[in-house]
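Everything on this sheet refers to the single structure shown next.
The values are calculated or read from the model by the stated rules, or taken from the named source; none is laboratory data. These numbers were taken from a predicted model, which means no experiment stands behind them. Every residue, glycine among them, receives a Cβ derived from its backbone with ideal geometry; neighbour counts consider all protein chains shown. The accessibility values were calculated without ligands, DNA or RNA, using every heavy atom of the protein model including side chains. Shrake-Rupley method; radii C 1.70, N 1.55, O 1.52, S 1.80 Å.
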Amino acid sequence: YVIIINDISKLNRAQKKAAWGEVAVRMAHEIKNPLTPMKLKIQQMQRAMNDSEANYEVLNSLLGQIDNLSSIADSFSSFAQWPAPHNEVFDFSKLVRETSSLYASDDLQIHLQITEDVMVYADIDLMRQILNNLIINAVQSHVEKPGYVEVCLEVKAHKLLLSIEDKGQGISDMNTADIFKSYFTTKENGTGIGLAFAKKGIEQAGGNIWFETKKGVGTTFFITMPRA
């Protein structure tokens, strides 16, 4: 009986993976379709303004997000294989600033603290996606508005330490062991790949990711990575 149950479990996982592959191809197509006209329109807006204007940098950040979405779609369409990282040295603190600024609004207060600029050797698109996933999760954890998220980047010895803290509902004890597992989600429309992707991407860059949570108080995700 144990052997039969194990075989059924393996079959279910294989069927689920195959189904996800079909969904991924369709989703990638639907995601990428509007990205090109969006990118062209933003570039057109940039050409019509001075590069010293404040909104010029905002548009630059949006272009980076569009390129990231395109990269995500390509990766998602072949989800069974994690995308090979294209590592380079880049300013991680700048990426944190740009990504955090996109989510600040009347419904969300983001307190950003960066004690020191820091360079890392990693895939910038993967890191941008991971930051997006973590901030979106923090935003969605809040039931009441406005939400509050604290992002802190500091340097300790030869490593950076990034923390993203929310004041949401926290993670229940029964779910803490499964948070980084592929396909696991507590959201009605969640895919269950965001945190699994984050863990894989951070570990590929030689870092670690973990969290601390308290029910009804909030959750903090931590990332540590070596400096370039």
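Taking every DSSP beta bridge that has both ends in the stretch 91-228, the antiparallel portion is near 75%. Kirkwood hydrodynamic radius for the stretch 105-163: how many Å is it when counted over pairs of different Cα atoms? About 12.9 Å, per the Kirkwood formula over Cα pairs.
Rolling a 1.4 angstrom probe over the stretch 36-147 with all protein chains present gives an accessible area of which 51% lies on carbon and sulfur atoms.
Is the shape of the stretch 99-228 best called rounded, prolate or oblate, per the rule: a/c under 1.5 gives rounded, else a/b larger than b/c gives prolate, else oblate, with a ≥ b ≥ c the square roots of the Cα gyration tensor eigenvalues? Walk me through the numbers before you get to the answer.
Values: a/c = 1.69, a/b = 1.24, b/c = 1.37.
Cα axes put the stretch 99-228 in the oblate bin.
Of the GluC sites (Glu not before Pro) found in the stretch 113-180, the ones in coil according to DSSP and having at most 13 other Cβ atoms within 10 Å of their Cβ are Glu116, Glu144.
Give me the 1.4 Å probe accessible area per residue for the stretch 103-228, excluding ligands and nucleic acids, in Å². The partial results should precede the final answer.
Values: 6500 Å² over 126 residues.
That works out to 52 Å² for each residue.
In sequence order, the stretch 134-144 has phi-based couplings of 5, 5, 4, 4, 5, 4, 6, 6, 8, 8, 8 Hz under the Karplus curve 6.51 cos²θ - 1.76 cosθ + 1.60, θ = phi - 60°, and Gly or Pro positions carry x.
Distance between the pseudo-spin-label points of Val89 and Tyr121 (7 Å out from Cα toward the beta carbon): 0.9 nm.
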